[in-house]
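Engineer: Quick one: the structure is below, and I'll ask about it shortly.
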Amino acid sequence: MRRSRPRSSLALPLVPIVLVAIALQAQAQTGPEDEPLPPAFAAPAAPAGSPAAPPQPTAVPPPAPEPVPPPTPLPPPPPPAPETENPGPVSDSFLPSLVGPIGLYHLSTAEVGPVDHLRLALHGQLFHASSFLVQDDQDTRLSGNFSFGFTPHQYVELFGALLTSSNRNERPAEANRRDPVLIKSFGDLILGGKGVYPVARGLTIGGEVGLLFLSAISDLALSPSSTSLWLGPLATYDFRTNYGIPLRLHANVSFYLDNSKNLYDFTGTTVFTHEVAMFAYGIADSRFRFAVGVDTPLEQLTAPIPLQIFAEYHLEVATDSSDPAFAAYATHTNRDQQWVTFGLRARVFHGLTLDAGFDAAVHSVGYGYGPPLPPYNVLFGVSFPLDVDAFRRPVVVTRTVEKETAPPTGTVTGRVVAASDGKPIDDAVVAFVGHARSRVASDPDGSFASGPLPPGPIDVEVTAAGFESVRSSALVSASGSASVEVSLKAKIVSGNVRGKVTDGAGHGLSATLHFIGGTTFEAHADVGGLYSAALPAGPYRVTVEAPGFPNREVPLDINAGQEHQLDLTLRPANPDVTLTGQAIVLRVPIKFQPGKPRLTPGAKAELEGVAEVMADHPEIKTLRIEAHWSAAKGKGKGKDKGDGGAKALTERQAAFIKDYLASRGTSVDRLAAVGRGSEAPLVPNLGSASQKKNRRVELIVVQ
């Protein structure tokens, strides 16, 4: 598998917010007694020294009554002079960008909108490509955001956005893959502000600062160390002001301090997991950003549906050091990336604006400086501006209410206790089904009392934190009190376990997993070997069964509310290696070359099977390797005097086996090497056959 070149979920719950806001705005703008909407921005004032507009002719008052000839008719007034000033932008034309400030899609404009002006927008982005990040992969990304902006002062805008995304990367089976097929990112928050000031007729400059608070990957909270910041100047020139041409130019420059690398620890992951996770979470380097844009406000030309066509060009240059994980990539040194954006907006009803556009990549950074740009990206959304002053106008409603005599009522009293031990439950919520605003909470002694309820049968629903909800019933009598006692059962708190079942070559296996603990649960791995299960907290023994493979059993501890990863590898039964309760027994004993700590080729094959047993049985804490020799021959020296050097030889042999198993993947901490020399013979050292039996290696399991 090689790296490929070029180089997801929308915020749907926010839709009702926009719909309610639209309804309220429409209500504030209709009705015979409502005030009109705020007018469009007035035309810019004429600069000092410009000639004043000529005064309009006024009617001459009639002279005092006296005999005069009949007056001659006055000539008609001259036609009004043609307008030379552009009427300026209307308030509905100020709309949020994808991250909140007024602008196009990715570019901010040097404007803040009318005072007390609120702007809301929902946007989505979609991308799909093959062989994009990894050869023969299928990558799809769907993202959405809710952005908003508010103008508290004529030169200041406050803005923000909530971001979500989902990225699916499907690719051929890959050994040691750690990234899931579907990566979701929810709850990223943007907050910032913009200040602008007009410096010349048609020219406005300003500055912008923003913070991006990234949501943690494995926790329901923000990741403080991943918070990123950008700031920089911006400018806008409006050709309508001086030339009457519906054209505006914009420019942005900023430095983006990107701390997103703190979001994900890539230690021990494959380079392909590194690539996919960077793209899915938007992990990149700090960079300088340059952008220019142009838009054409066509309010006067395309009525009754005003259109705005715009285009953007972006250039970003990374400033951090290249990630050494991609040093082998030929393109890892490229620091810059460029793309263009085209878009169209249409105001379809009372400021409600629909938009669509796309990004087209021109050039991507090397993988050492961040993920590649998608070749294309489709954008779409809806925006709506709100006049906050419309909500401040008082609305007087006159209504005649006939007072009715209240019918007789009764009450319900009772007590909430735990089913397991009968202890009272504090702060349990007692609801009376079908009756609004009738909920009450239990006291520390578990007791509760309702408000007035109509006579007749009534359902009582009781809920409490950590307990299963229960529904009971009572019969309410007029001017009386019904009594009930409710017992709640504690909820079973569970945790989740997920993983993959593979063979020795890393291919997924269809398997059945039995989780045996306080109770027994069963899960099934699909054809790709993937499985998941929700289990009550506690210790388990997990037995894995797959056709053509011996069963494997491993321990597992489930903690409440936590995710557990358990990957399992099954191998065909090895007839040469047997695991007993006390030792690993080999069909063919381990042989060394005569008088040397050197393994014969057959012995190495046997030790391959031992390494597989150690990998398949993590419950083996320590494997003690004991090397033995026959009776001493010759003369030893020093501490080996008396055993002919057999002690030293067996120590070297045991150490050699330990090193060999460690080279095959067994942790050194699980291995102990002991050379016993000739101190523990199996049989008396009489003859060569007995000596061969005594020259042996024992693999003893120490729990």
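The values are calculated or read from the model by the stated rules, or taken from the named source; none is laboratory data. From a predicted model like this one, the values you see are computed outputs, not experimental measurements. Every residue, glycine as well, gets a Cβ built from its backbone with ideal geometry; the counts of neighbours run over all protein chains shown. Side chains included, ligands, DNA and RNA excluded: accessible areas come from the protein's heavy atoms. Shrake-Rupley method; radii C 1.70, N 1.55, O 1.52, S 1.80 Å.
Engineer: Would you point out which residue out of 218, 223 is open to solvent by less than 20 Å² (accessible area, probe 1.4 Å) and under 21 Å from the mean Cα position of the chain (by Cα)?
Structural biologist: Within the list 218, 223, the selection yields 223.
To keep it simple, each residue is scored yes or no on (1) open to solvent by 30 Å² or more (accessible area, probe 1.4 Å); (2) modelled with pLDDT under 90; (3) under 20 Å from residue 312 (Cα atoms); (4) not basic (Lys, Arg).
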{"position": "101", "(1), (2), (3), (4)": "no, no, yes, yes"}
{"position": "107", "(1), (2), (3), (4)": "no, no, yes, yes"}
{"position": "110", "(1), (2), (3), (4)": "no, no, yes, yes"}
{"position": "139", "(1), (2), (3), (4)": "no, no, no, yes"}
{"position": "148", "(1), (2), (3), (4)": "yes, no, no, yes"}
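Engineer: Here is a further query. Does at least one position in region 400-423 carry a residue that is among the basic types (Lys, Arg) and surrounded by 15 or more Cβ atoms within 10 Å (Cβ to Cβ)?
Structural biologist: Yes: one or more hits.
Engineer: Scan region 366-383 for residues that are in contact with a His (Cβ under 7 Å, 6 or more places away or on another chain), outside any loop (DSSP other than H, G, I, E, B) and open to solvent by less than 10 Å² (accessible area, probe 1.4 Å) and jot them down.
Structural biologist: Result: 367, 368, 379.
Engineer: Run residue 87 past the list (1) modelled with pLDDT under 90; (2) open to solvent by 20 Å² or more (accessible area, probe 1.4 Å); (3) in contact with a Ser or Thr (Cβ under 7 Å, 6 or more places away or on another chain) and report the number of the one that doesn't hold.
Structural biologist: Every listed condition holds for residue 87 apart from (3).
Engineer: If you check every pair at least six apart or on different chains, which have Cβ atoms under 6 Å apart with a residue in region 115-144 that is of a type in the set (Lys, Arg) first and a residue that is open to solvent by less than 10 Å² (accessible area, probe 1.4 Å) and part of a strand (DSSP E or B) second?
Structural biologist: Qualifying pairs under 6 Å: 119/96; 119/149; 119/385; 141/127; 141/167.
Engineer: Is it fair to say residue 650 is at pLDDT below 90 and β-branched (Val, Ile, Thr)?
Structural biologist: yes
Engineer: Identify, by number, the condition in (1) small (Gly, Ala, Ser); (2) on the phi > 0 side of the Ramachandran plot; (3) open to solvent by 60 Å² or more (accessible area, probe 1.4 Å) that residue 466 doesn't meet.
Structural biologist: Failing condition for residue 466: (3).
Engineer: Could you list, in sequence order, the residues of region 466-512 that are polar (S, T, N, Q), over 18 Å from residue 536 (Cβ atoms) and part of a strand (DSSP E or B)?
Structural biologist: If the condition is that a residue be polar (S, T, N, Q), over 18 Å from residue 536 (Cβ atoms) and part of a strand (DSSP E or B), then 472, 473, 481, 483, 487, 502, 512 are the ones that fit.
Engineer: I would also like to ask the following. If I filter region 479-491 for residues that are modelled with pLDDT under 90, open to solvent by less than 60 Å² (accessible area, probe 1.4 Å) and within 30 Å of residue 408 (Cα to Cα), do I get at least one hit?
Structural biologist: Yes: region 479-491 contains one or more residues that are modelled with pLDDT under 90, open to solvent by less than 60 Å² (accessible area, probe 1.4 Å) and within 30 Å of residue 408 (Cα to Cα).
Engineer: Hey, another quick one. Filter region 320-365 down to the residues that are part of a loop (DSSP other than H, G, I, E, B), under 24 Å from residue 252 (Cα atoms) and either open to solvent by 60 Å² or more (accessible area, probe 1.4 Å) or touching an Asp or Glu at 6+ places or on another chain (Cβ under 7 Å) (or both) and list them by number.
Structural biologist: Across region 320-365, the qualifying residues are 320, 335, 365.
Residue-by-condition table, conditions (1) polar (S, T, N, Q); (2) more than 32 Å from the chain's Cα centre (by Cα):
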residue	(1), (2)
477	yes, yes
484	no, yes
521	no, no
525	no, no
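Engineer: Does residue 249 satisfy the criteria of being more than 17 Å from residue 106 (Cβ to Cβ), open to solvent by 30 Å² or more (accessible area, probe 1.4 Å) and touching a Gly at 6+ places or on another chain (Cβ under 9 Å)?
Structural biologist: So residue 249 fails the test.
Engineer: Can you pull out every residue in region 394-445 that is under 22 Å from residue 465 (Cα atoms), of a type in the set (Lys, Arg) and modelled with pLDDT under 90?
Structural biologist: 437 - this is the single residue of region 394-445 that is under 22 Å from residue 465 (Cα atoms), of a type in the set (Lys, Arg) and modelled with pLDDT under 90.
Engineer: Here's a check for you: in region 151-174, which residue that is over 30 Å from residue 207 (Cβ atoms) and either open to solvent by less than 70 Å² (accessible area, probe 1.4 Å) or in contact with a helix residue (DSSP H, G or I) (Cβ under 8 Å, 6 or more places away or on another chain) (or both) is modelled with the lowest pLDDT?
Structural biologist: Residue satisfying both the conditions and the ranking: 174.
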